[in-house]
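The values are calculated or read from the model by the stated rules, or taken from the named source; none is laboratory data. Computed from a prediction, not measured in an experiment: that's the story for all the values here. Positions of Cβ are generated from backbone atoms using ideal geometry, with glycine treated the same way; all protein chains shown enter the neighbour counts.
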Amino acid sequence: MSFFITFEGIEGCGKTTQLQLLAGRLERLGHRVIVTREPGGCPIADRIRNILLDADNRAIVPMTELLLYAAARVQHVSEVIVPSLKAGMIVLCDRFTDATIAYQGYGRGVEEKTIDRLNQLATGGIRPQLTLLLDCPPETGLSRAFSRINDTEGAREERFELESIQFHQRVRKGYLELAQREPKRFVVIDADRGINETEDAVAAAVFSRLALN
């Protein structure tokens, strides 16, 4: 059974952790699952990710940023998402097109019509069937994000974490407005609580949706 689920949210909302926990639950129930992410998910897109998230590249202007995300997405959709869905797998993706609207649109101020055109080109019309928005205050998310970064060896992917609190507030607002626009696709999860409570809420949302397919 193919199904496309995306996880969205501001920095430090816990979506990556919850995605992994959900993958484990689904696999234990016998589902074929692939876990992937944006930007990245395949070698070429991962190289673009390194450019986008490296804090040394803070001179990147919004349009360059947008185009790099689109380029990574084309490769990711072609190499990973479409083949996995055709193979009948459940695809769990850490961020997708909604992140571009929230970050480059609401966050950076790029016109949404421009973003929509690029998203359509980059995806070929592929859209998630379910999007889980893990919502928490930016102050909470950033505190978690910097704790994770400081505990991680290797490259520090912190270009976005270093943005102002106002930037992250705009991103959160964008996500919540997107969820209001598409209530049938989005489920908003309160991520300002414990991991286990959040995991149960995510599982309930996903299993109820899968039961309808």
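Listed values, structure above:
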read-out	value
Residues satisfying the stated conditions in the stretch 100-117, i.e. in contact (Cβ under 8 Å) with a residue 60 or more places away in the chain and either touching an Asp or Glu at 6+ places or on another chain (Cβ under 6 Å) or more than 17 Å from Pro138 (Cα to Cα) (or both)	Ile101, Gly105
Qualifying residues in the stretch 1-16 (those that are out of contact with any Asp or Glu (no Cβ under 6 Å at 6 or more places or on another chain) and in a strand (DSSP E or B)) - the one nearest to Lys173 (Cα to Cα)	Thr6
Matching residues, the stretch 1-30, being at pLDDT 95 or above, touching a strand residue (DSSP E or B) at 6+ places or on another chain (Cβ under 6 Å) and not hydrophobic (A, V, I, L, M, F, W, C)	Thr6, Glu8, Gly9, Glu27
Qualifying residues in the stretch 33-72 (those that are of a type in the set (Val, Ile, Thr) and touching a helix residue (DSSP H, G or I) at 6+ places or on another chain (Cβ under 9 Å)) - the one surrounded by the fewest Cβ atoms within 10 Å (Cβ to Cβ)	Ile60
Per-region count, the stretch 160-182, residues in a loop (DSSP other than H, G, I, E, B) and closer than 20 Å to Phe7 by Cβ	3
Glu111 vs. criteria charged (D, E, K, R), under 21 Å from Phe7 (Cβ atoms) and surrounded by fewer than 22 Cβ atoms within 10 Å (Cβ to Cβ)	no
Pick from the stretch 17-32, criterion in a helix (DSSP H, G or I) and touching a helix residue (DSSP H, G or I) at 6+ places or on another chain (Cβ under 9 Å), ranking: surrounded by the fewest Cβ atoms within 10 Å (Cβ to Cβ)	Arg25
Residue selected from the stretch 18-50 under the condition of a type in the set (S, T, N, Q) and over 20 Å from Asp200 (Cα atoms), by the criterion nearest to the chain's Cα centre (by Cα)	Thr36
Filter result (under 15 Å from Arg144 (Cβ atoms), in contact (Cβ under 8 Å) with a residue 24 or more places away in the chain and not β-branched (Val, Ile, Thr)) within the stretch 163-199	His168, Arg172, Asp190, Ala191, Asp192
Selection from the stretch 154-208 of residues that are modelled with pLDDT under 90, farther than 17 Å from Leu21 by Cβ and basic (Lys, Arg)	Arg156, Arg159
Any hit, the stretch 79-99, residues being more than 22 Å from Val206 (Cβ to Cβ), surrounded by 21 or more Cβ atoms within 10 Å (Cβ to Cβ) and in contact with an Asp or Glu (Cβ under 9 Å, 6 or more places away or on another chain)	no
In the stretch 33-66, the residues that are of a type in the set (A, V, I, L, M, F, W, C), under 18 Å from Arg108 (Cα atoms), assigned to a helix (DSSP H, G or I) and touching a Leu at 6+ places or on another chain (Cβ under 9 Å)	Ile51, Leu52, Ala55, Leu66
Helices (runs of 4 or more DSSP H) contained entirely in the stretch 67-142, each with at least 1 residues that are over 16 Å from the mean Cα position of the chain (by Cα) and more than 23 Å from Gly24 (Cβ to Cβ)	82-86, 112-123
